[in-house]
Amino acid sequence: MSKNLRFAPIVALMLAGAAIAPSSAYAQKSKKKKKAKQETTAAAPTQAPKRDDSKPKPYNEVVTAKALTDEGLFKVHKIDEKYLYEIPDTLLNRDMLMVSRIAKTANNIGYGGEELNTQVLRWERKGNNILLRVVSYENVAADTLEIFNSVQNSNLAPVIQAFDIKAFGNGTQVIDVTDFFSKDVTALGLDKRRREQYKVRRLDDKRSFIENVKSFPINVEARSLMTYEATDAPANSSTGTITLELNHSMLLLPEKPMPARTFDQRVGFFTINQTDFGTDEQRAAKRRYIVRWRLEPKDEAAYARGELVEPKKQIVYYIDPATPMKWRPYLKQGVEDWNKAFEAAGFKNAIVAKDPPSFEEDPEFSTEDARYSVIRYFSSETQNAYGPNVHDPRSGEILESHIGWYHNVMNLLRNWYFIQTAAVNPDARGIKFKDEVMGELIRFVSAHEVGHTLGLPHNMGSSAAYPVEKLRDPKFTKEMGTAPSIMDYARFNYVAQPEDKGVALMPGIGIYDKHAVKWGYSYFPETKGHDNTEKLAAWIRAHENDPRYRFGRQQGNPVDPSSQTEDLGDDAMLASSYGIKNLKRVMPNLIEWTKEDNKNYTDLQEMYSQVLGQWNRYMGHVTANIGGVYENYKTYDQKGDVYSYVPKDKQKRALSFLNEQGFATPTWMLDDNILRKIESAGAVERVRSAQTNILNNVLDAGRMARLIEAQATLGNNTYTLTEMMADLRGGIWSELNAGKSIDTYRRNLQRGYLERLEYLMIDQERGANAAASRTNRGGGTQVDVAQSDIRPVVRGELIALRSQIRASLPKAKDTMTKYHLQDALVRIDNILNPKS
């Protein structure tokens, strides 16, 4: 009954009384009635006292005969629509990992299998309550030290839910978790980003409920159907709701954590970070430990003798039942390719891929179960795949992984393989590849993503290890692949030329991968010290001058040109020259290689844009050399610097390459036979946008700052900013000295040049926060442009250019060139003498 209905009769009676009798008489009568009612209530001996439902009841009254009980980590009792956990005393205060995933979802709201949240939980008893806390291991200290209490006091674990103990069993306590999994508990539900994106207002309790809860030996799986009211629901928007199924895996962590291995930045691994207050370093020590699976030999004696030994527990990946049958063998091969790397660590048959068990074989098998690692297959147009892992935050032990495999990653692979190898590879000349060709590409990406789940990040320094000419050598590439690591974005061999018969076209598990797995997974008995840092460091030192064993981190706008994405070889100018030769071979064949009867030109348009994209990548690879700084990690016991400048001649060659291949109009891409089939217009704007993006990257303030700093350090033994700017001006404005007409494409580029210089001179000062806008972080280097040498150099270039234009203007041979140069003079004057 609502509040309004409950109080309406009382209000009506009061109003009626006021109309019939004076207020004092009514008050007197009311007091008498109230007193009589109180006396009657007090004298009623037959009324039973109210029962306190918050206090525990006898076990049989709570876990009744109606209960359907599932044995496992906890006993899970289902009584009608309620779910009860029976938690043993032995599992109180034990760390458990809760992994929350999307199990089923609507279109455009993520994908089944995606992780929402991972957190360490701990059940604690407080009187007649059970508290569920979220535990952090970011700050630690040994529990034998005095400071341990201080760390505990400063890192109180928050309580996400308090449960009444409904009953006590034999060394157990029973709680009701129904509301926990069916109500809106922030730590378990839809993540904050999606709530904000879809403007979620609230969870509708009436349309949310528990689907099932299952208990297994080391984990409990709870699945809920949740319905949220949302203003901007991305699917079925007319309903104003988002409905999805969430799966929560609560996994018992090992009572004794796996021995942690200290991170070394010279070998790439994902890490966990801890601040240790219990060391003797006279400060809070920052600790980083690598993330890895627990691999222990079945036969330690044989392992110690150097024999290959099987692990006590294999790393097992299951293939999602939704995966098309014809691709399963290739996904499995990508997993098991890593066995050759684990052999370097002394293990055989360390990793295996399996088909999922049938319902008859295991009726309770679930891909959301945190005990199982799965390659999840998403029916999505997203062109991607990803390889995360779930690990113990105390030690870095990987517990499971769900690789995300999107159906349309095949389209991405098709495009890469076509554009990068079709010039030399007949198997890549078509829109639909043979299954065995696509299968090998799937195997390649599978192995890459599995590498991530083993703890390995991208090693972008790998692809620069091989001399460019070696990538044209069939014998070398068959033995070594196209890069020392499959964890780079080396992609496919765009360096190979048509005459290089039999050359390998893609990387595999390489020499660096074996080195990293050996370093991270070799087993040291705890009695001898699990870390064994001296031996691990010696393995690194043994290869310290060999680029094949180098780790180079991933960068956004790369400062280090030897740690880039999508590149190949040790010389970007030479490699990109070979790549462009191949693009020029592909272009005339695009129509033939994409044609299909009774089909429009959509595929032709897509592949043409891929050619432009690949050309643009080459320009980026080359640009990174200008103002580039190599980064090679070292420790005190190694000779040499960590950071060193790219040699002057290499930087100068890079700028020359850009003038010839980037800023000269790429007429070979302006094939009218193609353009007239895919668009009514757009080529001029497309070239303008691409070229000005290259130019803006060259004239990045961070890059210019590094050129200035290199000159301050090395003097004229480096490529100076003034030299670079003069070479750039000579390339962009080459028509001036030659007295040539300037065509549409070049006019657009030259205006882009003036706008970029205007930006460096003026635009960075505009706005309320001028100081912040003058500081450039885009190139990885901070610089206050207004207080650096950048602006004087830019001013000098504008003055020099103005003189050149004035001298060239009388020689202009056509009207558009004349108008363009006149306009350029006005623009330069406005930049040098801006109006307020």
Checklist entry - How much space per residue, in cubic angstrom, does the convex hull of the C-alpha atoms of the range 59-252 take up? => result 133
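Subtracting the Cα-Cα distance from 0.36 nm times the residue separation, let me have the gained length for LYS55 to TRP668 in nm, one decimal.
On the way: separation 613, 0.36 × 613 = 220.68 nm, distance 8.24 nm.
Stretched fully, the LYS55-TRP668 segment lengthens by 212.4 nm.
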Checklist outcome for this item: Among MET96, GLY171, LEU188, the residue whose Cα sits farthest towards the positive end of the charge dipole of the range 59-252 (+1 at Cβ of Lys and Arg, -1 at Cβ of Asp and Glu, taken about the Cα centre) is LEU188
Checklist outcome for this item: Under the 7 Å Cα-to-Cβ spin-label approximation, LEU612 and ARG676 lie apart by a distance in nanometres of 1.9
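How high is the relative contact order of the chain, in percent, counting Cα pairs under 8 Å that sit 6 or more residues apart? Don't jump to the answer; show the numbers that get you there.
Details: 1474 pairs, mean separation 63.9, N = 836.
For the chain, the relative contact order is 8 percent.
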Next on the checklist: Is the C-alpha gyration tensor of the range 608-695 telling us rounded, prolate or oblate? Criteria: a/c under 1.5 is rounded; beyond that, a/b larger than b/c is prolate, otherwise oblate.
Outcome noted: prolate
Item to check | For the chain, with +1 on Lys and Arg beta carbons and -1 on Asp and Glu, the positive-most of LEU821, THR623, ALA537 along the dipole | outcome: LEU821
Checklist entry - Hey, could you pull the Cα Rg and Dmax for the range 262-570, both in Å? => result 20.2, 65
Checklist outcome for this item: For the range 381-475, listing trypsin sites (Lys or Arg not before Pro) in a DSSP loop whose Cβ sees at most 11 other Cβ atoms within 10 Å gives LYS432, LYS434
Checklist outcome for this item: Length gained if ASN693 through GLN197 is fully extended, taking 0.36 nm per residue and subtracting the Cα-Cα distance, is 175.5 nm
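Kindly identify the range 399-508 as rounded, prolate or oblate by the Cα gyration tensor criterion: order the square roots of the eigenvalues as a ≥ b ≥ c, call it rounded if a/c is under 1.5, otherwise compare a/b with b/c, prolate if a/b is larger, else oblate. Show your work: numbers first, answer last.
Details: a/c = 2.39, a/b = 1.22, b/c = 1.95.
In terms of gyration-tensor shape, oblate.
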Next on the checklist: Placing +1 on the Cβ of each Lys and Arg and -1 on the Cβ of each Asp and Glu in the range 546-608, which of THR594, GLY552, GLN605 has its Cα farthest towards the positive end of the resulting dipole?
Outcome noted: GLY552
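Averaged across orientations, what area in nm² does the convex hull of the alpha carbons in the range 699-832 project? Intermediate results must be reported in sequence, preceding the final value.
On the way: hull surface 34.5 nm².
Mean orientational projected area (the range 699-832, Cα hull): 8.6 nm².
Please go through the residue pairs LYS326/LYS354; LYS740/LYS813; LYS348/LYS478; LYS326/LYS478; LYS326/LYS434; LYS75/LYS104 and name each one whose alpha carbons sit more than 19 Å apart in this structure. Don't skip to the answer; put the middle values down first.
On the way: LYS326/LYS354 14 Å; LYS740/LYS813 8 Å; LYS348/LYS478 24 Å; LYS326/LYS478 26 Å; LYS326/LYS434 12 Å; LYS75/LYS104 26 Å.
The pairs that break the limit, which is 19 Å between Cα atoms, are LYS348/LYS478; LYS326/LYS478; LYS75/LYS104.
Which FRET efficiency, nearest 0.05, do ASP649 and ASP829 yield, Cβ-Cβ r, R0 41 Å?
Values: r = 37 Å, r/R0 = 0.90.
Rounded to the nearest 0.05, the efficiency is 0.65.
Would you kindly work out the equivalent ellipsoid of the range 237-391 from its C-alpha gyration tensor and give its semi-axes, the square roots of five times the eigenvalues, largest first in whole Å?
Details: eigenvalues 217, 131, 53 Å².
In descending order, the three semi-axes are 33, 26, 16 Å.
On a full-extension model of 0.36 nm per residue, what is the gain between THR186 and TYR819, subtracting their alpha-carbon distance, rounded to one decimal in nm? Before the final figure, lay out the partial values.
Working: separation 633, 0.36 × 633 = 227.88 nm, distance 6.35 nm.
Extra length available between THR186 and TYR819 comes to 221.5 nm.
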Checklist outcome for this item: Treating only Lys and Arg (+1) and Asp and Glu (-1) as charged, each at its beta carbon, one finds that the chain has a dipole about its Cα centre, in Debye to the nearest 20, of 2680
Item to check | For the chain, calculated [θ]222 nm from helices alone, where every DSSP H run of n ≥ 4 adds -39500 (n - 2.57) | outcome: -11500 deg cm²/dmol
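With 10 angstrom as the radius, rank LYS811, LYS648, LYS501 by how many other C-beta atoms surround their C-beta, starting from the fewest. Mind showing how you got there, number by number?
On the way: LYS811 13, LYS648 16, LYS501 9.
Arranged by neighbour count, lowest to highest, LYS811, LYS648, LYS501 become LYS501, LYS811, LYS648.
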Checklist entry - Where Lys and Arg each count +1 and Asp and Glu each count -1, what net charge lies around LYS199 among other residues with Cβ under 13 Å from its Cβ? => result +3
Checklist entry - Which value, in debye to the nearest 20, describes the size of the charge dipole of the range 574-644 about its Cα centre when Lys and Arg Cβ atoms bear +1, Asp and Glu Cβ atoms bear -1, and nothing else is charged? => result 240
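Which GluC sites (Glu not before Pro) does the range 324-370 hold that lie in a coil by DSSP with at most 14 other beta carbons within 10 Å?
Details: sites: GLU336, GLU343, GLU360, GLU361, GLU364, GLU368; in loops: GLU360, GLU361, GLU364, GLU368.
When the GluC sites (Glu not before Pro) of the range 324-370 are filtered for loop state and at most 14 Cβ neighbours within 10 Å, GLU360, GLU361, GLU364 remain.
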Next on the checklist: For the range 776-831, take the convex hull of the Cα atoms, compute a quarter of its surface area, and give me that in nm², please.
Outcome noted: 5.0
Item to check | Unit Cα scatterers, Debye sum, the chain: log10 I(q)/I(0) for q = 0.10 Å⁻¹ | outcome: -1.25
Checklist entry - Using unit Cβ charges (K, R positive; D, E negative) and no other charged atoms, how large, in debye to the nearest 20, is the dipole of the range 59-252 about its Cα centre? => result 400
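Here, each number is a calculation from the coordinates, and none is a lab measurement. Computed from a prediction, not measured in an experiment: that's the story for all the values here. Every residue, glycine as well, gets a Cβ built from its backbone with ideal geometry; the counts of neighbours run over all protein chains shown.
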